[in-house]
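K.L.:
Questions regarding the structure given below will be posed in turn.
Nothing in this text is a laboratory measurement; each read-out follows from the coordinates by a stated rule. Worth saying up front: this structure is predicted, and the values here are computed from it rather than measured. Here the Cβ is made from the backbone with ideal geometry for all residues, glycine too, and neighbour counts use every protein chain on show.
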Amino acid sequence: MPESVAEDKKSQAKSAKPVDSVAGQRYGVVKSINNLTVEVVWIGEPPASRELLQLEGDPNALMEVRSFNHQSHAVCIILSSIDKINRGSKMIATGQTISVPVGQKTMGRFFNALGQPVDNLGPIEGAEYRSIYAVKPPQQLAQPKAPEVLETGIKVIDFFTPFVKGRKIGIVGGAGVGKTVLMMELIHNVARDGKSLSFFTGIGERIREGHELYMTLKERKLLDKSVMFFGQMNETAAMRATVGASAVTSAEYFRDDEKRDILFFVDNIYRHIQAGNELSTSMGLIPSEGGYQATLFSDLKSLEDRLYSNENGSITSVQTIYIPADDLSDPAVQEIQQQLDSVIVLSRAVAESGIRPAVDLIRTTSSLLTPEVVGDRHYMLATTVQSIMQKYDSLKNIIAIIGENELSPADRVEYEKAKRLIQFFSQNFYVSEELTGKPGEFFSLSDTLTKLEEILI
């Protein structure tokens, strides 16, 4: 066995057990508590950065070492409930970092950011555990393969933002415009072939949404091919900021060790940044642009850079992105979009008009919409449709002033085509059948292209 591989195995073995016992006699005493930040005066050998500390007598009351004020003063962040930890509390060094279970035994299970099951199905017996900080350097494909386009059955996505294996797609929108519903429809349509494993990461979202996801996967018989991690809205900022790395660690195992293709869903990646901002504020760090943490870029990159494909397997990522106050120019939203290959923009105005999914056909973009990826026919149709929608957007302003009847015959034809296109891209979803009373629809890409050609004649 090569030396580097052997060292990696040793590192994994060190974090291969859950935190459930006191490691040695190294301990510290809580000196002060400031929101989520705790200063611990250390007795003896200090802990390492990222090492877990547990409250004496309560292994579930945990904090993580982040930095040192002095040689013996550790600055920590609270992972569990703050109510259990007080000034004078004795914190024991565990000798471990946050580690999560990996492998087949995790399929169909729900976990929190610490890798603990939260589905009331009992512990994971005999599973391997890996540290969420044991990151391997990216090993990209030496010779890139031809892009493999996955059909989603959702007309507007297949046409405007081709879903390419191993790439990243974002669903951007404000509150209540249908981001989670669109993601769940993607899970239903893309995961149903059973070829890929599905990972779902809930960051800062409601408990209700986690339950709805569970029921959707169960009803669609996808639960045994899925792994779910949740850092819910009611949990500490540290848990919400960590859960993404926990889920990625589990996904990496299946990609690298079991050589599987992964569908990696994140709802909501903006909450990851938001949680990091809360931690940064709690630690007294100076904010940057827009009030966000100065480490916004590195916080995001440390997660996004782990979502890649190599010679073993692929990770195809779908991420929802909340827009604060519907402001697409928000610095965090802009930073996230830079990490993506395709961006689906959901519009409140479109949603209010009754179109579902409420996709803004003008602002939705993809770097993968090229002849090399989708072919000449698809690319030319997309170019034509985008041109018509741009014309429609400018004509709306004119119509608001002079009325539709005053348009020239040519403009009126383009305007009518645009309205037909908007209606065409509306679609009933399988995951919304009970709510709408209308059966879900799946459209092949070839049918979509044929119908569009008929509209554009």
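K.L.:
Can you grab the distance from the C-alpha centre of region 313-341 to the C-alpha centre of region 352-396, Å, no decimals?
P.N.:
Answer, in whole Å: 19.
K.L.:
Might you report the magnitude of the Cβ-based charge dipole of region 149-235 about its Cα centre, with Lys and Arg at +1 and Asp and Glu at -1, to the nearest 20 debye?
P.N.:
Computed about the Cα centre, the dipole is about 200 debye.
K.L.:
A further question follows. With unit charges on the beta carbons (Lys and Arg positive, Asp and Glu negative) and the dipole taken about the Cα centre of region 100-366, which residue among Q319, N268, G166 sits farthest to the positive side?
P.N.:
G166
K.L.:
Where a Cα-Cα gap under 16 Å defines reach, which lysines qualify for K225, not counting those fewer than 8 residues away within the same chain?
P.N.:
Of all the lysines, those that pass the test against K225 - Cα under 16 Å, at least 8 places apart if same chain - are K105, K195, K259.
K.L.:
Counting pairs of Cα atoms in the chain, how many percent are more than 35 Å apart?
P.N.:
I get 36 percent for the Cα pairs in the chain exceeding 35 Å.
K.L.:
Still on this model: Please find the FRET efficiency linking D327 to K451, where r is the Cβ-Cβ separation and R0 is fixed at 25 Å, and quote it to the nearest 0.05.
P.N.:
0.10
K.L.:
Would you mind computing Rg(Cα) / (2.2 N^0.38 Å) for region 200-258, counting N as its residues?
P.N.:
Taking N as the residue count of region 200-258, the ratio is 1.20.
K.L.:
Taking the highest mean first, how do the peptides 354-364, 262-272, 227-237 order by number of other beta carbon atoms within 10 angstrom per residue?
P.N.:
Averaged packing, sorted descending, gives the order 262-272, 227-237, 354-364.
K.L.:
Would you please give the residues with an amide H less than 5 Å from that of E128, counting only those at least 5 places away or on a separate chain, with H modeled from the backbone geometry?
P.N.:
V102
K.L.:
Under the 0.36 nm per residue contour assumption, what length would be gained going from the current alpha-carbon distance of K259 and N428 to full extension?
P.N.:
Value of the extension gain: 57.3 nm.
K.L.:
If I fit a long axis through the Cα atoms of helix 207-219 and take the longest principal axis of the Cα atoms of the chain, what angle between them do I get, 0 to 90°, rounded to 10?
P.N.:
Here the helix axis deviates by roughly 70 degrees.
K.L.:
Along the charge dipole of the chain, Cβ charges K/R +1 and D/E -1, which of V29, N405, G103 sits furthest on the positive end?
P.N.:
So the residue we want is V29.
K.L.:
Still on this structure, I have one more. Could you give the Stokes-Einstein D for region 100-366 in µm² per second, using the C-alpha Kirkwood radius, 4 °C, 1.567 mPa s?
P.N.:
69
K.L.:
Starting from 0.36 nm per residue, how many nanometres of slack lie between E148 and I398 once their C-alpha separation is accounted for?
P.N.:
Stretched fully, the E148-I398 segment lengthens by 85.8 nm.
K.L.:
So how many Å³ per residue does the convex hull of the Cα atoms of region 374-456 work out to?
P.N.:
Hull volume normalised by residue count: 123 Å³.
K.L.:
At each listed q (0.12, 0.15, 0.24, 0.25 Å⁻¹), what is the log10 of I(q)/I(0) that the Debye formula gives for region 14-97 modelled as equal alpha-carbon point scatterers?
P.N.:
For region 14-97 at q = 0.12, 0.15, 0.24, 0.25 Å⁻¹, log10 I(q)/I(0) is -0.27, -0.43, -1.18, -1.29.
K.L.:
Moving on to the next point. Go ahead and run the numbers for FRET between E311 and R50, Cβ-Cβ distance against an R0 of 35 Å, rounding to 0.05.
P.N.:
Efficiency computed from Cβ-Cβ geometry: 0.75.
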